[in-house]
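Report on the structure given below.
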Amino acid sequence: MGEPRWLIAPAWLWMVTFFVAPLGFMVAFSLGVNEGFFTVKFGLHADQFQRLWDPLYLNIYKDTLVLASIGTVGCLLIGYPFAYFLATRTSKYRTLLFFLVIVPFWTSLLIRTYSWVLILNEQGPLSSFMQTVGLIDAPLDILYTKGAVLIGVIYDYLPLMVFPLYVAIERMDRSLIEASRDLGCSRWQTFRRVTLPLTFPGIMTGCLLTFIPMMGEYVVPTILGGAKTFLVGSLVSNEILTAIDWPFGAAVSMGLIAVMLVLIIVYLRVLGRRAEEGLGSVL
Amino acid sequence: MTERDVTPAWARRPVSRRGFLAAGAAVGLLAACGETEVGPQATKPKPQGSSAAPTEIEDSLSIYNWADYVHPKTYPQFEKEFDVKITEDNYPSNEDALAKLKAGAAGYDLVVPTGYMVEIMAAEGILLELDHAQIPNLSLVEPQFLDLSFDPGNRFSVPKDYGTTGYGYRSDLVKEEMKSWEDFYRLAPKYSGRYTVLDSPPEVVGSALKMLGYSYNSIDPKEISEATDEILKLKPHVRQITSSMREVMISGEAYVSLTWNGEIGYVALDAPKALYVVPEEGTEVWTDNWSIVAGAPHPAAAHAFINWALQPKIQAQDTEYHYYGGVVQGEEEFLDPAIAKDPSVYPPEEVMSKLEVAQANPDWTRLRNEAWTKFKAA
Amino acid sequence: MSASAERVTATRALELGGDRAVTRALRAHGALVYVFLYLPILVVVIYAFNEARLVQVWQGFSLKWFGEAWRDPTLRRGLWISTYTATATALLATVLGTAAALGLRNVGRRTRTAFDGFMYMALITPELVAAIASLMAFVTVGLPLGPLAIVITHSIFNVAVVTLILRARLAGMDRSLEEAARDLGATRWATFVQVTLPQLLPAVAAGALLAFTFSFDDVVLSTFVSGPGSTPLPVEIFSALRFGLSPKINVVAVTTLTITVTFIVVAQVLLRRAERRSAATLAAEVTDA
């Protein structure tokens with residue numbers, strides 16, 4: 001009963017044409033050879049990937065993986081207690097509090113990142129404050145370093161960690177916790193043996209949702225990273241926009257996709273049947 | 001300063017555009033050879049450049065330019081006199097402009113490439129061959145800026161202004177006096193984290209080449225490799241790679257910036273102790289040029305604008321805004337004497353003789369881009 | 001009903017069960033995180049009123065940069081472009097996404113999983129990858145860069161978002177009203193228009209608003225596929241940042257923030273009201289029965 005099935009066709013076609021097909025083009029470019037500006041010889045050349053397999057570029061991937069890992073862990077450490085706090089409010093406040101997390105998330109990533117330029121710069125409020133209070137004795141020198149980029153990505157993607165965690169914790173059957181406490185487990189034991197495993201899919205989902213965008217980040221390193229931060233995102237945009245070496249840029253991007261796919265496979269494998277539970281929290 | 005000109009009544013009628021061009025040509029000819037021709041002149045070819053635009057000028061013009069590169073009054077003045085609506089989009093580097101244009105960005109009429117990029121763009125077929133008949137004021141350009149190696153015969157470009165790529169430093173924050181590339185590189189560890197460099201492969205690599213005594217345009221892989229080593233040594237001390245360092249130089253977050261002369265002129269307005277250095281070893285002298293994009297929707301307006309911008313008065317107006325030297329004879333008459341005598345805007349002859357013009361070719365570009373990726377990733 | 005009552009008790013149990021220190025720590029942490037989330041936004045707003053031309057230094061309260069920004073033709077053009085491309089994207093995404101969500105109710109499991117896979121991929125793929133893939137495809141095929149390209153690239157993410165929102169809404173929606181209408185002889189179309197759609201409308205509106213804000217704020221996709229004279233506002237800001245800081249940026253930031261926050265708030269209110277209404281309908285039915 002109800003609406004006809006072909007209703008999904010327009011969206012389907014749209015996605016295939018404008019999402020899947022362009023990715024195909026990108027694959028084609030990565031298998032090509034650059035012959036001067038915008039002259040690309042297509043074919044099945046492995047040149048770009050051979051070029052990619054060089055410590056110079058592999059280090060860039062490594063730096064990016066490290067940053068994304070630290071960023072994800074940071075989001076997890078900040079986000080889990082926060083999600084727990086949110087999920088354990090009475091429902092009257094819970095909606096409002098949760099909504100207050102959504103609002104910054106949907107506002108412009110660019111503006112939110114840019115705001116850290118204002119906050120972190122040498123002559124800015126944080127620097128003055130820290131010097132006055134005596135935490136540092138020279139102007140704050142964190143802007144245009146990897147530290148600033150880390151702060152930026154954690155700030156930008158924290159909500160993405162919080163959402164699935166919140167859902168997971170909220171859906172958790174509290175009686176199990178009660179039971180555990182009744183049976184004599186300490187708070188920590190309860191947490192480790194009951195809460196954590198129960199919310200595990202949420203943790204995995206949150207990590208996946210933050211790690212992947214952090215890997216592909218381009219805006220944050222450009223604005224906050226200065227000269228010292230050159231990540232995969234910066235490399236891709238450099239190759240596409242400055243060096244105008246599209247085949248190589250495509251290959252670097254393929255590397256990124258490869259990492260992404262590996263992560264997704266790991267995610268699905270580790271969670272197994274609970275993957276639905278984790279993904280469901282996205283809904 | 002210059003108030004907006006009141007356009008005489010005869011110039012407001014459509015046919016008067018030709019008249020105005022004729023008048024503009026007449027002013028130019030006045031400076032050049034003392035003849036006077038006033039009033040609407042039809043297309044009578046003259047040896048020093050003919051006077052009228054053969055076609056009607058369109059009513060809008062789209063300019064693709066560097067940011068802050070034209071006096072705020074320049075466009076409104078042109079708009080008013082020619083009844084043309086101008087829109088401007090900006091790019092932060094030549095390579096950005098090339099990428100966008102080559103990717104098929106249609107709709108731009110004018111673009112402002114630096115010399116070496118003119119050659120690249122022309123080879124890529126991105127530029128329209130200029131109709132000199134529509135740019136009689138070309139004759140006003142000083143001969144040393146015409147017919148340069150990147151565009152013999154000025155088929156694709158007309159010089160807009162020129163400048164040098166050296167470095168500026170805050171003499172109140174840097175204790176040493178700096179005069180050469182050697183100083184620039186040597187002092188970097190001492191002022192670590194206080195350096196910025198341009199986001200431009202040829203200019204940064206070039207600075208190292210010049211310091212090592214090689215040609216700015218070297219395509220010898222060994223020389224490039226040595227230069228790469230030098231810039232890699234510099235990298236840890238660099239705060240930002242950017243073509244906009246004015247703010248950080250003014251605020252003192254940066255002490256030393258590898259940049260163009262005009263930028264420091266601007267910085268010095270707020271930080272009087274900022275000095276610009278044309279390094280002793282020599283460096284690049286470049287011209288930025290007006291070029292018309294192939295397939296431009298408004299070619300007549302584009303030609304008219306180029307011609308109009310070559311007037312000494314307009315050149316002077318722009319120079320006083322962006323601090324890059326004008327290229328047209330007779331500019332001094334309209335120029336603030338302090339700027340006319342400023343050696344960072346108008347380097348003296350003995351300095352100019354040590355400067356090189358960038359000469360692009362595929363190897364040149366490739367070697368520098370490779371060095372640049374290493375630099376950025378370091 | 002009883003399940004949530006249990007939960008409330010459990011919560012209170014957690015609270016009162018001697019875990020006072022933990023609770024207090026959690027609360028403090030929560031407060032700090034909110035400060036962390038909102039402080040930067042606040043800073044941007046404050047600095048928009050900064051008198052100084054040098055962005056880093058505070059020099060007193062002033063409204064002058066609002067005037068300057070408004071007078072800047074490039075910024076005005078960017079605002080216009082952002083507004084109409086975002087509107088187009090929102091409309092497109094809403095139509096496609098709503099249709100998809102409706103159709104998905106009745107497809108087989110395999111199709112639905114495949115479609116879901118598409119949605120997730122669209123959501124999770126880093127924007128940069130999508131941006132350069134689109135750029136390469138468009139240039140090769142000859143599709144001009146500009147507003148059309150912008151709308152197309154933005155719509156991919158937005159279709160996924162709208163589909164998900166609508167699916168959630170449809171899942172929570174009570175079908176009995178639709179069934180009743182059908183039983184009473186209404187055509188599929190009439191049922192849709194008079195029964196389903198009114199219930200969906202808040203969710204549809206919310207989806208459209210969220211799609212609008214996503215597109216309005218987008219910078220990565222737009223950077224790569226915008227063309228001459230069609231630079232959306234965020235790309236202008238991004239380029240401006242590469243040219244150097246300027247107080248006008250703060251003004252633009254505040255304006256953008258205001259617009260998007262308003263839209264988000266309205267969207268959320270609509271979604272909540274839709275939930276409550278369906279809960280109320282359910283409650284009414286239960287009491288009727």
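Results, tabulated for the structure shown:
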| item | result |
| --- | --- |
| Ordering of A:173-183, C:215-225, A:72-82, A:228-238 by burial proxy (mean other Cβ atoms within 10 Å per residue, highest first) | C:215-225, A:228-238, A:72-82, A:173-183 |
| Interface residues, the range B:221-250 - accessible area loss of 40 Å² or more versus chain alone, probe 1.4 Å | B:ARG239, B:GLN240, B:SER244, B:GLU247 |
| Accessible-area ranking of A:ASP137, B:ASP363, largest first, probe 1.4 Å | A:ASP137, B:ASP363 |
| Ranked order, B:VAL285, C:VAL261 - accessible area, probe 1.4 Å, largest first | C:VAL261, B:VAL285 |
| C:TYR34 paired with B:LYS175, simple spin-label distance in nm, labels 7 Å along Cα-to-beta-carbon | 5.2 |
| With DNA, RNA and ligands ignored, accessible area of C:ARG182 (1.4 Å probe; Å², nearest 10) | 90 |
| Peptide C:212-221 - average C-beta neighbours from other chains (10 Å radius) | 3 |
| Per residue solvent-accessible surface (Å²) - the protein assembly as shown, probe of 1.4 Å | 40 |
| Burial ranking of peptide ranges B:341-353, C:119-131, B:263-275 (average Cβ count within 10 Å, highest at the top) | C:119-131, B:263-275, B:341-353 |
| Separation of alpha-carbon centers, the range A:1-27 and the range B:143-201, rounded to whole Å | 52 |
| Between B and C, accessible area buried - total, square angstrom, nearest 100, 1.4 angstrom probe | 1600 |
| Heavy-atom accessible area, 1.4 Å probe, ligands and nucleic acids excluded: residues of the range A:222-265 down by at least 40 Å² from chain alone | A:ALA227, A:LYS228, A:PHE230, A:ASN238, A:ILE240, A:LEU241, A:THR242, A:TRP246, A:MET260 |
| Radius, Kirkwood style, for the range A:93-208 when every pair of distinct Cα atoms is counted (Å) | 17.2 |
| Label point distance in nm, A:TRP6-A:LEU65, each placed 7 Å from Cα along Cα→Cβ | 4.9 |
| Computed Rg/Rh of the protein assembly as shown, alpha carbon atoms with Kirkwood Rh | 1.01 |
| Ranking by accessible area, most exposed first, for B:GLU119, B:GLU56, B:GLU203 with a 1.4 Å probe | B:GLU56, B:GLU119, B:GLU203 |
| Centre separation in Å (Cα based) which lies between the range A:218-248 and the range A:120-180 | 25 |
| Shape call, the range B:181-296: gyration tensor on alpha carbons, a/c limit 1.5 | oblate |
| Translational D in µm²/s for the range B:51-159 (Stokes-Einstein at 4 °C, 1.567 mPa s, Kirkwood Rh from C-alpha pairs) | 85 |
| Magnitude of the charge dipole, the range B:55-192, Cβ model with Lys/Arg +1 and Asp/Glu -1, debye to 20 | 620 |
| Under the Karplus curve 6.51 cos²θ - 1.76 cosθ + 1.60, θ = phi - 60°, whole-Hz ³J(HN,Hα) for the range B:199-211, x wherever Gly or Pro sits | 8, 8, x, x, 6, 6, 4, x, 5, 5, 4, 5, 4 |
| Choice from A:GLY184, A:GLY71, A:GLY226 with maximal GNM fluctuation in chain A (Cα, 10 Å cutoff) | A:GLY184 |
| For B:LYS160, residues with placed amide H under 5 Å, excluding near neighbours | B:ASP288, B:ASN289, B:TRP290 |
| Rounded to the nearest 10 Å², the accessible area of C:VAL252 at probe 1.4 Å | 10 |
| Rounded Å value of the spacing that divides the Cα centres of the range C:96-110 and the range C:216-238 | 32 |
| Most mobile of A:PHE18, A:PHE99, A:PHE211 in a GNM of chain A (Cα contacts under 10 Å) | A:PHE18 |
| Phi to ³J(HN,Hα) by Karplus 6.51 cos²θ - 1.76 cosθ + 1.60 over the range B:124-132, Hz, x for Gly, Pro | 7, x, 7, 9, 8, 6, 7, 9, 4 |
| Buried solvent-accessible surface, both chains (C, A), 1.4 Å probe, Å² to nearest 100 | 8700 |
| Interface burial for A against B (accessible surface, 1.4 Å probe, total of both chains, Å², rounded to 100) | 2100 |
| Bridge type composition, the protein assembly as shown - antiparallel percent by DSSP, nearest 5 | 65 |
| Average partner coverage of C:93-99, which counts Cβ from other chains inside 10 Å | 4 |
| Shielded by partner chains, the range A:69-101 residues - at least 50 Å² of accessible area, 1.4 Å probe, vs chain alone | A:PHE82, A:PHE85, A:ARG89, A:PHE99 |
| Cα-centre dipole for chain A with unit charges at Cβ (Lys and Arg positive, Asp and Glu negative), debye to 20 | 960 |
| Average beta carbon contacts from partner chains per residue of B:360-369, 10 Å cutoff | 2 |
| Accessible surface of the protein assembly as shown [probe 1.4 Å, protein heavy atoms]: carbon and sulfur percent | 62 |
| Whole-Hz ³J(HN,Hα) from phi, Karplus 6.51 cos²θ - 1.76 cosθ + 1.60, for the range A:53-68, glycine and proline x | 7, 9, x, 3, 7, 4, 5, 5, 4, 4, 4, 5, 4, 4, 4, 5 |
| For B:VAL293, distant residues with modelled amide H under 5 Å away | B:LEU110, B:VAL111, B:LEU128 |
| Amide hydrogen neighbours beyond the local backbone of B:GLU88, cut-off 5 Å, H modeled | B:ILE63 |
| Interatomic Cα distance distribution for the range C:55-133, bins of 10 angstrom, percent | 13, 24, 25, 18, 12, 7, 1 |
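The values are calculated or read from the model by the stated rules, or taken from the named source; none is laboratory data. Just so it is clear, the structure is predicted and the values come from calculations on it, not from any experiment. As a convention, Cβ positions derive from the backbone with ideal geometry for all residues, glycine included, and neighbour counts pool all protein chains shown. Heads up: the accessible areas ignore ligands, DNA and RNA and are worked out on the full protein's heavy atoms, side chains in. Shrake-Rupley method; radii C 1.70, N 1.55, O 1.52, S 1.80 Å.
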